[in-house]
């Protein structure tokens, strides 16, 4: 099995995909319940879902659980059967990834952790906004005004589903593509943090 920094490639790719998918969120307002406008809310939240990463001919799937507040993120990545693959965290002291075998990677922030783990340019400055449906001007929109698709920073982003028909509903299925990299994030449940 291919390894980089001693961590199995499938676990590493999924962990990096999760970093990509969540990287910008520390500096963004957090989403509120599914019926509120996602881009204009504040607060702590959690979500559970699944992530699929395709890189070339390889495809990886994992369950994820994420807890976010303004000062901390805690992310658990697991196989579809529930076996832990990696834990990721971010706080004022930096970001770290702990693989299932106990190996660790650490950096000052999500950007540094992704660069250390994967060594590829990723849309970290933008993707946090994309997760809460904060699309750039010119995005294709549905009748309710929610983004459907756009291109930014060389990436194609498509919203394949929302939690409800409400104009402020949160995304449920997001697809992000660039060249031979594809991320699909299926959000099963958004919650306010406890």
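The values are calculated or read from the model by the stated rules, or taken from the named source; none is laboratory data. Keep in mind that this is a model prediction, so the values were computed, not measured. Here the Cβ is made from the backbone with ideal geometry for all residues, glycine too, and neighbour counts use every protein chain on show.
Odds and ends about this structure:
- Residue that is farthest from residue 130 (Cα to Cα), among those in the stretch 156-185 that are touching a helix residue (DSSP H, G or I) at 6+ places or on another chain (Cβ under 7 Å) and assigned to a loop (DSSP other than H, G, I, E, B): 168
- Given (1) surrounded by fewer than 12 Cβ atoms within 10 Å (Cβ to Cβ); (2) modelled with pLDDT under 90, number of the condition residue 192 does not satisfy: (1)
- Test result for residue 128, within 22 Å of residue 72 (Cβ to Cβ), out of contact with any helix residue (DSSP H, G or I) (no Cβ under 6 Å at 6 or more places or on another chain), at pLDDT below 90 and not in a loop (DSSP other than H, G, I, E, B): no
- When residues in the stretch 65-89 are screened for being buried (at least 17 other Cβ atoms within 10 Å of the Cβ) and either within 18 Å of residue 108 (Cα to Cα) or touching a helix residue (DSSP H, G or I) at 6+ places or on another chain (Cβ under 8 Å) (or both), 10 of them pass.
- Lone unmet requirement of (1) modelled with pLDDT under 90; (2) outside any helix (DSSP H, G or I); (3) within 20 Å of residue 53 (Cβ to Cβ); (4) in contact with a helix residue (DSSP H, G or I) (Cβ under 8 Å, 6 or more places away or on another chain) for residue 133: (3)
- Residue 7 vs. criteria buried (at least 18 other Cβ atoms within 10 Å of the Cβ), at pLDDT below 50, touching a strand residue (DSSP E or B) at 6+ places or on another chain (Cβ under 9 Å) and farther than 24 Å from residue 162 by Cβ: yes
- The set of residues in the stretch 95-120 being assigned to a strand (DSSP E or B) and either in contact with a helix residue (DSSP H, G or I) (Cβ under 8 Å, 6 or more places away or on another chain) or touching a residue at least 60 places away in the same chain (Cβ under 8 Å) (or both) consists of 95, 96, 97, 99, 105, 106, 107.
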